[in-house]
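The values are calculated or read from the model by the stated rules, or taken from the named source; none is laboratory data. Source: prediction; values computed, not measured. Neighbour counts are summed over all protein chains in view; Cβ atoms, including those assigned to glycine, are modelled from backbone coordinates with ideal geometry. Just so you know, the surface numbers come from the protein's heavy atoms only, side chains and all, with ligands and any DNA or RNA stripped out. Shrake-Rupley method; radii C 1.70, N 1.55, O 1.52, S 1.80 Å.
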Amino acid sequence: DGDEGFWSCAKLAGFPVAVSLLIAHLREAFGATNTFPADPKIDEQVVNHLKKKIPEVMHYLEAPHATFYMSPHYALDNFSSFAVLYRNRLWMTSEHAYQAAKFDDEAVVNLIFEAKSAHDAKQIARAHNHLKRGDWDTVKEAVMEEILYLKAVQHEYVRKTLKRSLGLLLIEDSPYDGFWGRGSFWDGKNKLGYLWMKVGTRLQVEGLL
């Protein structure tokens, strides 16, 4: 549906897919009869249209990615100092909340809650890994997404950081984590980056960014 359906499509299929579909739609609308080779005149019309109507798409195309782990997108890192109200407790960081969610054992949960840093929270969880919830691997991405969403909703600065990144491929710049981050050879799954992009799209649709 062109411009009108873009954000709905992004919510359902992800921002990169929505961009590809929108560009294909606009090329056809401006008279393109084939997808390859591209018609420079039509592509110029597409670019001008996007700059006026959906500048986030041009931001995505012109600056295709942003890493977070350190500045300037450090607010998106789970170790950053933004408290999160999650399940009726105010956790020091999103890392605290995520690590505690691994356990049903209240003693372990309390140890993590009282941890003095995100690093300590992670180490406590590792030390008690044998007590982790049996269903953790099936629910951990949904738990992380919920925590990231709450972190953004509860902190204006996090929302501003996320707004600056709209349209970018977000990459958790950790060489040590091949699941949540990009991994040592940039071949990781980057799940945290993709979840942040999903949260950003959701907040955009909800009018919060």
Q. Quick one: which of K122/K160; K41/K198; K11/K116; K11/K151; K132/K189; K41/K189 span more than 31 angstrom between C-alpha atoms?
A. K41/K198; K11/K116; K41/K189
Q) Where is the GNM fluctuation largest for the chain (alpha-carbon springs, 10 angstrom cutoff): Y98, Y176, Y69? A) Y176
Q. Just the accessible area per residue of the chain, please: how many Å² with a 1.4 Å probe?
A. 55
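What number, in percent, do you get for the relative contact order of region 7-113 if the mean sequence gap of Cα pairs under 8 Å and at least 6 apart is divided by its residue count?
11
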(Q) If I compute solvent accessible area with a 1.4 Å probe over the protein chains, what percent of it on the chain is carbon and sulfur? (A) 54
Q) Once you put a point 7 Å from the Cα of E4 and another 7 Å from the Cα of A38, both along the Cβ direction, what distance in nm separates them? A) 2.7
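Could you give the Stokes-Einstein D for the chain in µm² per second, using the C-alpha Kirkwood radius, 20 °C, 1.002 mPa s? All intermediate terms of the calculation are to be shown ahead of the outcome.
Numbers: Rh = 18.7 Å.
Result for D is 115 µm²/s.
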Q. Using 7 Å Cα-to-Cβ label points, what is the D137/V47 separation (nm, one decimal)?
A. 4.8
**Q.** Distant-in-sequence amide H partners of L169 (H built 1.01 Å from N, under 5 Å)
**A.** H65, A66
Q. Which stretch or stretches of region 88-119 have amide N atoms under 14 Å from the point lying 7 Å from V153's Cα along the Cα→Cβ direction?
A. 88-89
Q: Only Cα pairs under 8 Å and at least 6 apart count here; give the relative contact order of the chain as a rounded whole percent.
A: 20
Q | For region 89-209: relative contact order, % (alpha-carbon pairs under 8 angstrom, 6 or more apart) | A | 17
Q: Could you give the C-alpha radius of gyration of region 100-209 expressed as a fraction of 2.2 N^0.38 Å, taking N as the number of residues it contains?
A: 1.17
